[in-house]
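Values in this text are rule-based calculations from the coordinates and carry no lab data. All values reported here derive from a predicted model rather than from experimental measurement. Neighbour counts run over all protein chains shown; Cβ positions are idealised from the backbone, glycine included.
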Amino acid sequence: MKQDNEKIYQFTLVLKNVEEDTLGLEDSLYEAGCSDALINFRSGTVYLDFDRKAVSLEDAVVSAIKNVESSSVKAVVASVAPEDLVTESEVAKRLDKKRQTVSLWIKGTRRNQHAFPKPVMMLSGRSPLWKWYEIAAWLYKNGIISEKEIVNNAEFIEDINAVLEERDKKIKKARQELLRKLSKDSSSHSAIQ
């Protein structure tokens with residue numbers, strides 16, 4: 001049953017286990033309930049751009065993933081976009097702000113009531129990456145955005161992508177092994193001190 005408080009959410013699912021020439025790909029996805037998605041291909045990867053009506057982004061994305069993965073072509077969702085790691089330029093684009101405005105936030109010369117989040121990694125010496133969720137939370141805390149839903153959606157995208165990665169048994173096993181090693185090392189390290 002459709003609810004009155006539904007709205008349209010736009011997002012992209014990145015698929016694996018299928019390719020542009022997968023037999024019956026479009027028909028299978030359509031029959032699985034993806035009639036609200038536009039299929040496109042880039043560099044050998046299949047993307048589904050959704051405009052899905054739902055009560056929340058979470059409901060929209062989860063239902064889309066279930067639809068895709070119930071298709072007869074056995075497609076698997078690898079990740080959800082918009083990405084949770086962003087450059088300074090991407091932050092400006094998402095907020096429809098000038099890049100210089102974002103640069104001033106980063107440097108702390110504008111809106112520095114709360115420190116701007118630190119980058120989580122660098123693509124190169126001049127291209128740091130930030131977590132979109134941390135930036136959205138900073139924007140909300142500083143009154144630059146007033147919609148808490150933006151923060152919640154950013155956190156959800158980060159979480160759903162982590163969960164989608166964890167479904168890969170090889171990745172999960174490797175991470176569990178690393179966690180075990182880290183636990184061993186930290187307990188032996190604390191014993192030395």
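The trypsin sites (Lys or Arg not before Pro) of segment 90-189 that meet both conditions, a loop assignment by DSSP and at most 10 other Cβ atoms within 10 Å of the site Cβ, are K98, R126. Its Cα centre serving as origin, the chain has a Cβ charge dipole (Lys and Arg +1, Asp and Glu -1) of approximately 1200 debye.
In the chain, the DSSP-assigned H stretches of four residues or longer account for a calculated mean residue ellipticity at 222 nm of -14500 deg cm²/dmol, using -39500 (n - 2.57) per stretch and the full residue count as denominator.
Distant-in-sequence amide contacts of V18, defined by a placed amide H-H separation under 5 Å and a gap of 5 or more residues or a different chain, comprise V76. Given the alternatives (i) 111; (ii) 141; (iii) 181, volume of the Cα convex hull per residue in Å³ as computed for this entry is given by (iii). Dipole magnitude for segment 83-193: computed about the Cα centre from +1 point charges on Lys and Arg Cβ and -1 point charges on Asp and Glu Cβ, it is near 360 debye. Among D36, D96, D84, the largest mean-square fluctuation in a Gaussian network model of the chain (Cα springs under 10 Å) belongs to D96.
Of the GluC sites (Glu not before Pro) found in segment 100-189, those that fall in a DSSP loop while having at most 12 other beta-carbon atoms within 10 Å are E147. Given +1 at the Cβ of Lys and Arg, -1 at the Cβ of Asp and Glu and no other charges, the dipole of segment 1-81 around its Cα centre is 200 debye to the nearest 20.
Computed from phi, the 3J(HN,Hα) profile of segment 18-26 under the Karplus parametrisation 6.51, -1.76, 1.60 (θ = phi - 60°) reads 9, 9, 4, 9, 4, 4, x, 4, 4 Hz, with x in place of Gly and Pro.
Please compare each pair in K53/K97; K16/K93; K74/K97 to a cut-off of 32 Å on the Cα-Cα distance and tell me which ones are over it. List each step's numbers first, then the result.
Numbers: K53/K97 27 Å; K16/K93 28 Å; K74/K97 41 Å.
Long pairs (Cα-Cα over 32 Å): K74/K97.
Phi-derived couplings, Karplus 6.51 cos²θ - 1.76 cosθ + 1.60 at θ = phi - 60°, listed residue by residue for segment 126-131: 10, 10, x, 10, 10, 7 Hz, with x used for Gly and Pro. Loop-located trypsin sites (Lys or Arg not before Pro) across segment 1-56 with a Cβ neighbour count of 13 or fewer within 10 Å are K2, with loop assigned by DSSP. Centre-to-centre separation between the Cα atoms of segment 54-111 and those of segment 112-131: 17 Å.
Modelled this way, with points 7 Å down the Cα-to-C-beta line, the labels at K16 and D96 are 3.6 nm from one another.
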